[in-house]
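Colleague: Encoded as structure tokens, here's the structure I'll be asking about.
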Amino acid sequence: MNLQQLEYIVALDIHRNHVKAAEHCHVTQPTLSMMVKKLEEELGVKIFDKSLPLKPTASGETVISRARQILQEVKNLKEFIRNEKDTIEGTFRLGVIPTLAPYLLPRFLNSFLEKHPGISFTVTELQTEDLIRQLKTDRLDVAILVTPVEDKEIREIPVFYEPILLYTSENLKYFEQEKVSIKSLTQDNMLLLEEGHCFRSQALNLCSTKGKKSNNQLNYQSGSFETLKAMVDNNYGYTLIPELAANTKSKHVKHFIAPEPVREVSLAVHQGFVKEALLTKLQQAILKAIPAHFKKNEKYIRVKWN
């Protein structure tokens with residue numbers, strides 16, 4: 001048994017195709033198949049069910065899980081040695097949820113990369129559950145998302161607390177109010193992000209489901225805050241948005257009566273991630289780029305998304 005064989009079965013588990021797995025590992029397909037077969041013979045178990053579509057056997061899932069752990073520990077050891085040199089150079093895979101990416105990344109990423117020329121990022125926008133999955137399977141190094149995720153394999157480093165605001169059309173009662181009570185919110189006339197966005201769950205968690213059933217003619221769900229705001233601007237109900245996505249001087253934007261609801265934004269990594277210097281520098285850069293009142297949560301209510 002060797003590390004290459006472990007890499008091959010993990011690649012097969014990801015791609016579920018011998019040719020694609022071989023390309024990923026930069027070997028020929030016959031070489032990969034032969035090495036996987038030798039590993040199966042050595043362990044005395046079938047790791048993959050050869051029927052189509054290709055999938056691990058029950059024993060194979062256990063072997064692959066252990067292989068991931070071993071490969072992660074080897075990677076950690078290598079990263080630890082490099083980290084001993086007190087550098088944060090390298091190429092890193094960064095994932096960000098879509099409701100943060102367009103509003104947060106432009107605030108700090110360019111200046112961060114200019115300050116650290118030895119670093120490069122591959123950035124991917126994914127919804128929270130996909131980010132967690134890719135952190136756990138070593139397809140991402142760091143994620144910026146809303147916490148808590150409550151997963152024992154994921155380490156969360158809270159960075160800031162972003163207020164959640166109300167964005168209302170002029171024809172609703174909220175428009176005339178200086179500040180809005182959370183208790184007055186209902187799902188009637190409420191526009192939401194589509195399924196899968198953690199902010200959708202946070203918005204629903206803030207609203208009362210009591211009272212009469214909504215008789216709205218429009219049940220609109222979007223993947224974009226900008227679309228939701230445009231609908232509200234044309235008197236289609238109200239929505240909730242995080243402060244970074246809002247023009248706080250807009251007449252449509254209303255703060256909530258204290259304590260305000262917030263979403264906790266964190267850096268997230270796998271428990272085995274050891275590049276502490278990178279996390280520290282990222283946290284510092286983000287904190288420098290956001291409003292000062294995001295940095296404390298004593299006056300806020302943290303809204304869970306799950």
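The values are calculated or read from the model by the stated rules, or taken from the named source; none is laboratory data. Bear in mind that the values here come from a model prediction, so they are computed numbers and not experimental data. Cβ coordinates were reconstructed from backbone atoms using ideal geometry, including for glycine residues, and neighbour counts include every protein chain displayed.
Colleague: Quick check on Leu172: is it more than 19 Å from Gln284 (Cα to Cα) and of a type in the set (A, V, I, L, M, F, W, C)?
Modeller: Yes, satisfied.
Colleague: Just one of Phe80, Phe48 is within 29 Å of the chain's Cα centre (by Cα) and either in the same structural domain as Asp138 (by TED's automatic domain parsing) or aromatic (Phe, Trp, Tyr) (or both); which is it?
Modeller: Going through Phe80, Phe48 in turn, just one is within 29 Å of the chain's Cα centre (by Cα) and either in the same structural domain as Asp138 (by TED's automatic domain parsing) or aromatic (Phe, Trp, Tyr) (or both): Phe80.
Matching residues to (1) touching a residue at least 24 places away in the same chain (Cβ under 8 Å); (2) aromatic (Phe, Trp, Tyr); (3) surrounded by 14 or more Cβ atoms within 10 Å (Cβ to Cβ):
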site	(1), (2), (3)
Lys249	no, no, no
Ala258	yes, no, no
His270	yes, no, yes
Lys295	yes, no, no
Arg302	yes, no, yes
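Colleague: If a residue must be in contact (Cβ under 8 Å) with a residue 12 or more places away in the chain and surrounded by 13 or more Cβ atoms within 10 Å (Cβ to Cβ), how many such residues does region 33-58 contain?
Modeller: The qualifying residues number 14.
Colleague: I'd like the full set of residues that are closer than 22 Å to Asp141 by Cα and modelled with pLDDT under 90, limited to region 250-277.
Modeller: Matches in region 250-277: Gly272, Phe273, Val274, Lys275, Glu276, Ala277.
Colleague: Next question, about the same structure. Kindly list the number of the only condition in (1) surrounded by fewer than 16 Cβ atoms within 10 Å (Cβ to Cβ); (2) at pLDDT 95 or above that fails for Gln134.
Modeller: With (1) surrounded by fewer than 16 Cβ atoms within 10 Å (Cβ to Cβ); (2) at pLDDT 95 or above applied to Gln134, the lone miss is (1).
Colleague: Which of the residues belonging to region 228-261 are touching a helix residue (DSSP H, G or I) at 6+ places or on another chain (Cβ under 8 Å) and part of a strand (DSSP E or B)?
Modeller: Tyr238, Thr239, Leu240, Ile241, Pro242, Lys254, Phe256, Pro261
Colleague: Has region 286-293 got at least one residue that is within 21 Å of the chain's Cα centre (by Cα), β-branched (Val, Ile, Thr) and on the phi < 0 side of the Ramachandran plot?
Modeller: Yes, the conditions are met somewhere in region 286-293.
Colleague: Would you mind telling me which numbered condition in (1) touching a Leu at 6+ places or on another chain (Cβ under 7 Å); (2) modelled with pLDDT of 95 or more Pro106 fails?
Modeller: All conditions are met except number (1).
Colleague: Another question, then. Output the residues belonging to region 18-48 that are out of contact with any helix residue (DSSP H, G or I) (no Cβ under 9 Å at 6 or more places or on another chain) and within 19 Å of Asp138 (Cβ to Cβ).
Modeller: Listed by number, the list holds a single entry, His26.
Colleague: How many residues, within region 226-268, are aliphatic (A, V, I, L, M) and in contact with an Asp or Glu (Cβ under 7 Å, 6 or more places away or on another chain)?
Modeller: Qualifying residue count for the region: 4.
Colleague: Look through region 1-16, keep the residues that are out of contact with any strand residue (DSSP E or B) (no Cβ under 9 Å at 6 or more places or on another chain), without any contact (Cβ under 8 Å) to a residue 60 or more places away in the chain and surrounded by 16 or more Cβ atoms within 10 Å (Cβ to Cβ), and return whichever of them is nearest to Thr137 (Cα to Cα).
Modeller: Of everything passing the filter in region 1-16, Ala11 is nearest to Thr137 (Cα to Cα).
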